[in-house]
Amino acid sequence: MAGRAAVPEVIWARPERTGRGPKPAYTRADIAAAAVRIADAEGLDGVSMRRVAAELGCGTMSLYNYVPRKEDLYELMIDAIGAEHEIREPSGDWRADMLRNAMETRGIMHRHTWVPRLMSGVYGFSPNSLRYLEHCLECLEPLDLPYAAKTELVALLNGVVTTYTANEIATAERTRSMPWSEEEENAVRIAYLGSQVATGAYPRLAAAFMEQSGPIDLEGVFRRALERVLDAFDPERR
């Protein structure tokens, strides 16, 4: 691939422009915004160097002068959506602040449904990623734990949000692709499940279903998952 380095590098360590020569036609922000527009409209698989170059109105080889690798393009995209985090003054209630941050992250992922596919610690060094991590650590100031434990808390909370939201997105996408409604499919599957439980082969499942009648409160499940992560680090709950 043109411009691909033979050694690992971080795009943020590269100057966006040198002091010599004409002013570049595009900024990293321009490139990231174009890639995000494509991903939002067509999914992550629609993003390619050629497609982004066409969106910008430049040649593909010219784009490599700004972004050496596709991995760098992904990193620019993650940084761009990271700017959507609202950095508020911490309230002093670290649990409430971290729950708010988690809910906000979930909302960002639903606006940009391709994001869970790119969530990786590899992309955690961008300016907006570092800004968000610093904000989370500031929110956790009242918690009397070492910074290593606090960063672990942030990572675990983000992991729960990413996993849960990715499942929500995948379920919604599958539902849209089916020639029947979600309600119709659920009715068929519940009827089948009921027939299997009624055989007596699954007594523990039968007991569980008796305890949980009616639809599952998915919002409640999500909230409890987040609360349990926080409980694990809360000296008052352990």
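First select every other residue whose beta carbon is under 15 angstrom from the beta carbon of ARG224; then total the charges, Lys and Arg +1, Asp and Glu -1. The partial results should precede the final answer.
Values: positive: ARG95, ARG106, ARG223, ARG228, ARG237; negative: ASP217, GLU219, GLU227, ASP231, ASP234.
Every neighbour counted, the sum reads 0.
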Compactness of the stretch 109-171 - radius of gyration and Dmax, Cα, Å
13.0, 39
Pairs of alpha-carbon atoms within less than 8 angstrom and 6+ residues apart define the contacts here; what relative contact order does the stretch 21-60 have, in percent?
30
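How many Å² of accessible area per residue for the stretch 157-199, probe 1.4 Å? All intermediate terms of the calculation are to be shown ahead of the outcome.
Details: 2930 Å² over 43 residues.
Each residue of the stretch 157-199 exposes 68 Å² on average to a 1.4 Å probe.
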Using the Karplus equation 6.51 cos²θ - 1.76 cosθ + 1.60 (θ = phi - 60°), what ³J(HN,Hα) coupling, rounded to whole Hz, does each residue of the stretch 198-212 give in order, writing x for Gly and Pro?
5, 6, x, 6, 10, x, 6, 5, 4, 5, 5, 5, 5, 6, 10
Would you kindly find the accessible area of MET178, with a 1.4 Å probe and non-protein molecules such as ligands, DNA and RNA excluded, rounding to the nearest 10 Å²?
60
ASP144 label point, 7 Å along Cα→Cβ, cut-off 15 Å on backbone N: hits in the stretch 76-92?
none
So for the pair ALA208, LEU156, with labels modelled 7 Å out along Cα→Cβ, what separation do we get in nm?
2.3
Angle between the chain longest axis and helix 147-177 axis [Cα atoms, degrees, rounded to 10]
80
State the answer as a single residue: which of GLY46, VAL154, LEU230 lies farthest towards the positive end of the charge dipole of the chain, with beta carbon charges of +1 for Lys and Arg and -1 for Asp and Glu, about the Cα centre.
GLY46
For peptides 136-147, 73-84, 27-38, sequence by mean Cβ density within 10 Å, most packed first:
73-84, 27-38, 136-147
Please label the shape of the stretch 120-207 as rounded, prolate or oblate, based on the square roots a ≥ b ≥ c of the eigenvalues of the alpha-carbon gyration tensor (a/c under 1.5 means rounded; beyond that, a/b larger than b/c means prolate, else oblate).
oblate
Per residue, the convex hull enclosing the alpha carbons of the chain has a volume in Å³ of 193
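The values are calculated or read from the model by the stated rules, or taken from the named source; none is laboratory data. What you see is a predicted model, and the numbers here were worked out from it, not measured in a lab. Please note: Cβ atoms are built from the backbone with ideal geometry, for glycine as well, and neighbour counts cover all protein chains shown. For the accessible areas, the whole protein counts, side chains as well, though only heavy atoms, and no ligand, DNA or RNA atoms are used. Shrake-Rupley method; radii C 1.70, N 1.55, O 1.52, S 1.80 Å.
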